[in-house]
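Asks: Let me give you the structure first, and then I'll get to my questions.
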Amino acid sequence: MGMAERVRRKGRGAPPQVSHDTPPAVDSTTAATSTEGQISGVVDGQVRQGGGMVSAVGLTPAEGTLAPPTAPQPKWGAREQAGWMYIVPQDEQDRRLWADEWAEYLLEWTAHARLHTVSLMTFLTYSPFTQIQQRMDAFQTIGDRLVERGLAEWRGEEGRVLRVFWRDPDEWSDVIYDWALRTGHRRLDVRSLVIRETTEAFSTLPEDELRTALGRLVERGVAQWIDEDRGTVLLRV
């Protein structure tokens, strides 16, 4: 049962009334919202929450990446159509169902944007996440659910960055192998895949994970290490 259907069956009536004004995108100097207990802005490298300030260091979007304007919208629609999906539920079971729905969307969104890490700043900057109330709570809740399902890891200082796995190492090794066969590349190395093949989705992978994917090709017997330290393999064709 989906979140929307569960809310209706529990007799909650119409979705909570929320403002239909589209929240503005937020950067490091722009206020996000003034609701008590929620994020009200990012000022001088700090996030304002309620009456206090917490550090925003390490909360910037992935370097050199921007979510494309054509990123898919959630299946439940914008806040105007499904206001309850933009409020973190208090009921534990509802909260889990809500987090599952948003977790699936975050996987789809990051895959479309070719992002492998997201942070709180993602929720402060990009729609539809900017429409969610209690964004700090939402980011933590959705991230924790992805981690529970083995689809993400908390990384960085104090676990502020979420590494999202929309493909596992075996799937990435398949993608790289198919690409190499299609394009005639036999010698593959991590640095070249990152620097020269920028139009390919695998080029945005962290280098250690690219090395792991190449190692899977060696384990499968379709490649051999030329220089394991540098992450260089030769395909066997």
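Asks: Please label the shape of segment 169-235 as rounded, prolate or oblate, based on the square roots a ≥ b ≥ c of the eigenvalues of the alpha-carbon gyration tensor (a/c under 1.5 means rounded; beyond that, a/b larger than b/c means prolate, else oblate).
Replies: On the way: a/c = 1.30, a/b = 1.16, b/c = 1.12.
Rounded is the answer for segment 169-235, as its axis ratio a/c remains below 1.5.
Asks: From the backbone phi of segment 83-90, what are the Karplus-calculated ³J(HN,Hα) couplings (6.51 cos²θ - 1.76 cosθ + 1.60, θ = phi - 60°) in whole Hz, Gly and Pro given as x?
Replies: Per-residue couplings from phi come out as x, 5, 7, 10, 10, 5, x, 8 Hz.
Asks: Can you give the local net charge around Arg216? Use residues other than it whose beta-carbon is closer than 11 angstrom to its beta-carbon, Lys and Arg +1, Asp and Glu -1. Kindly include the intermediate steps, with their values, before the conclusion.
Replies: Numbers: positive: Arg211, Arg220; negative: Asp168, Asp170, Glu171, Asp174, Glu209, Glu219.
Counting the neighbours of Arg216, the net charge comes to -4.
Asks: Take the alpha-carbon centre of segment 195-222, take the same for segment 93-145, and report the distance between them in whole Å.
Replies: Centre-to-centre distance over Cα atoms comes out at 26 Å.
Asks: A further question follows. Provide Ile132, Ile226, Ile142, Ile195 in ascending order of the number of other Cβ atoms located within 10 Å of each residue's Cβ, fewest first. Don't skip to the end; give the middle numbers.
Replies: Numbers: Ile132 20, Ile226 13, Ile142 26, Ile195 10.
In order of increasing Cβ crowding within 10 Å: Ile195, Ile226, Ile132, Ile142.
None of the figures in this text is laboratory data; all of them are computed from the coordinates on show. Computed from a predicted model, the values in this text were never measured in an experiment. So basically every Cβ, Gly included, is an ideal-geometry build from the backbone, and we count neighbours across all protein chains shown.
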